[in-house]
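After the C-alpha cells below, expect a handful of questions from me.
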Amino acid sequence: MSKYDVTALGELLIDFTESGTSQQGNPLLEVNPGGAPCNVLSMLTRLGHSTNFIGKIGRDMFGDLLQDALKEVGIGVDGLMIDTEVNTTLAFVHTAPDGDRDFSFYRNPGADMMLSVDDVNEEQIKESKIFHYGTLSMTHEGCRAATKKAIEIAEKSGCILSFDPNLREPLWNSLDEAKEQILYGLGHCQILKISDNEILWLTGEDDYDEAVRWIKTRFNISLILVSLGGEGSRAYTDSCRVEVPAYIQENTIETTGAGDTFCACVLHYVLDHGWKGFSAEELTEMINFANAAASIVTTRKGALRVMPTADEVKALINA
C-alpha cells in the first residue's frame with residue numbers, strides 16, 4: 001500500500017500579493033505561501049488525500065513560514081530540505097483589474113533552485129501513487145537533474161506521472177530553453193494540465209483542438225486538460241473531448257492558484273475512480289468539479305492556505 005497518494009517536486013516560495021495602500025499611499029503587500037506544486041498538494045490534502053513535497057527552502061524567516069504553512073494544511077514535509085546558504089525564493093505578484101497577474105521573482109539564486117540529485121529520496125517517490133512535477137524545477141542545471149532523477153524513479157516505480165508546465169517566462173534564460181524542457185516533461189507524463197496561452201505558444205497553433213492534436217501526434221499522453229480561464233476547460237483522451245464552462249464569480253480578486261486547484265481536482269478524480277479510460281460523462285464530471293473549485297480560489301487571496309472544501313465546491317455546483 002502506498003504511503004502517499006501524491007508526491008510533488010518543485011518550487012515553494014513566498015508570493016507577495018497586493019493588499020491595498022498605506023496611509024502614505026504606498027502599496028501594501030501580503031505575505032502568502034505559494035508555489036504551484038504545493039498549491040496542488042494543498043487542495044489534494046483538503047480533499048482527504050495523503051501528500052508529500054520534495055523541495056528546498058532557505059534557513060530564514062520566510063522558510064520557517066513556509067514550513068509551518070505546509071504542516072498547517074497537512075502536506076507531508078519528509079522531502080523538504082533547508083539550504084543554509086541561499087535564501088528562500090520570493091515572488092511579487094501584480095494583479096491586473098481582470099484578476100490576471102504579472103510576476104517579479106527574486107531568485108538569482110533562490111533556495112528552490114538549489115535542490116540537487118542527492119536531495120531526492122527514492123523511497124518517497126516509490127511510495128507514491130502519483131508523482132506531480134512542473135518546469136520551474138528545470139530552469140537551472142542542478143534542480144533540472146534532480147527533477148529528471150525523480151521522474152526516472154517515478155517511471156520505474158509504476159507511478160502515474162502528472163505534469164503542469166506552468167511557464168514563467170522571466171525565470172528562463174530563453175524561451176527556446178523553456179520549450180526544450182517542456183517537451184521533455186511531455187515525454188514522460190500520462191496526465192498533462194496546460195493553460196490556454198501555454199499550449200498555443202508551445203505548438204504554434206491557433207486552435208486548441210489542433211494544438212492538442214499536435215501534442216498527441218508526438219507524445220503518448222492519455223489525459224490532456226486545457227484550462228481556458230474564464231472560458232472554462234477542456235479534457236481530451238484518445239477517444240473523446242469534452243468542454244465545460246467556467247463558474248464566473250462576481251467577486252473574483254485574483255487568479256493565483258486557480259490552475260493548481262483545477263489540476264489537483266483532476267488528480268483527486270483519478271485517485272477516487274482509478275486510472276482508466278474515462279468516458280465523456282466522467283470527464284465532464286471531473287472538470288466540472290475542477291472548474292468550480294478553481295473559481296472559488298479566485299475569490300480568495302493567495303492559494304495554499306485557502307483551498308475550498310469538497311462541500312464548498314459541491315454547494316457552488318448545486319447553487
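Run through the DSSP bridge list for the chain and note the antiparallel percent, rounded to the nearest 5. Mind dumping the intermediate values first?
Values: 21 of 50 bridges.
Close to 40 percent.
Order the peptides 71-77, 230-236 from the highest to the lowest mean number of other Cβ atoms within 10 Å of their residues. The partial results should precede the final answer.
Working: 71-77: 17.0, 230-236: 20.1.
For the peptides 71-77, 230-236, the packing ranking is 230-236, 71-77.
Something else: Can you tell me the length gained on complete extension of the stretch Asp64 to Ala310, counting 0.36 nm per residue apart and subtracting the Cα distance?
Numbers: separation 246, 0.36 × 246 = 88.56 nm, distance 2.90 nm.
Result for the pair: 85.7 nm of gain on full extension.
Another question about this same structure. Pull out a ≥ b ≥ c, the square roots of the eigenvalues of the alpha-carbon gyration tensor of the chain, then state rounded if a/c is under 1.5, prolate if not and a/b is larger than b/c, and oblate in the remaining case.
Values: a/c = 1.34, a/b = 1.10, b/c = 1.22.
Since a/c stays below 1.5, the shape of the chain is classed as rounded.
Pairs of alpha-carbon atoms within less than 8 angstrom and 6+ residues apart define the contacts here; what relative contact order does segment 264-316 have, in percent?
Working: 23 pairs, mean separation 18.6, N = 53.
Normalised by residue count, the contact order of segment 264-316 is 35 percent.
With +1 assigned to the C-beta of every Lys and Arg and -1 to the C-beta of every Asp and Glu, and no other charges, what is the dipole magnitude of the chain about the Cα centre in debye, to the nearest 20? Each step should come with its number before you reach the end.
Values: 26 positive and 48 negative charges, 121 e Å.
Around 580 debye, computed over the chain.
How long are the semi-axes of the ellipsoid equivalent to segment 1-146, from square roots of 5 times the Cα gyration tensor eigenvalues, in whole Å, largest first?
Result for segment 1-146: semi-axes of 27, 18, 13 Å.
Measuring from label point to label point, each 7 Å out along Cα→Cβ, what is the Glu152 to Phe92 span in nm?
Spacing of the two 7 Å Cα→Cβ label points: 4.0 nm.
Ok, one more. How long are the semi-axes of the equivalent ellipsoid of segment 122-234, taking √(5λ) for every eigenvalue λ of the Cα gyration tensor, in whole Å from largest down?
Values for segment 122-234, descending: 23, 17, 12 Å.
Note down the relative contact order for segment 161-319 as a percent, whole number, built from C-alpha pairs under 8 angstrom at least six residues apart.
Details: 232 pairs, mean separation 28.5, N = 159.
Reported relative contact order: 18 percent.
Residue-wise, which Karplus ³J(HN,Hα) couplings in Hz belong to segment 102-107, taking 6.51 cos²θ - 1.76 cosθ + 1.60, θ = phi - 60°, and x for glycine or proline?
10, 10, 10, 9, 10, 7
In percent, what relative contact order does segment 4-318 have, based on Cα pairs under 8 Å that are 6 or more apart in sequence?
On the way: 693 pairs, mean separation 53.5, N = 315.
Taking the mean separation of contacting Cα pairs over the length of segment 4-318, I get 17 percent.
May I ask you to order 37-47, 122-132 by the average number of other C-beta atoms within 10 Å around their residues, highest value first? Could you put the intermediate results ahead of the total?
Details: 37-47: 27.8, 122-132: 21.3.
Going from most to least packed, we get 37-47, 122-132.
How large is the dipole of segment 1-74 about the Cα centre if only Lys and Arg carry +1 and Asp and Glu carry -1, each at its Cβ, rounded to the nearest 20 debye?
300
No value in this document is a laboratory result; all are computed from the given coordinates. Note that this is a predicted model, so its numbers are computed, not measured. FYI the Cβ positions are ideal-geometry reconstructions off the backbone, even for glycines, and counts take in every protein chain you see.
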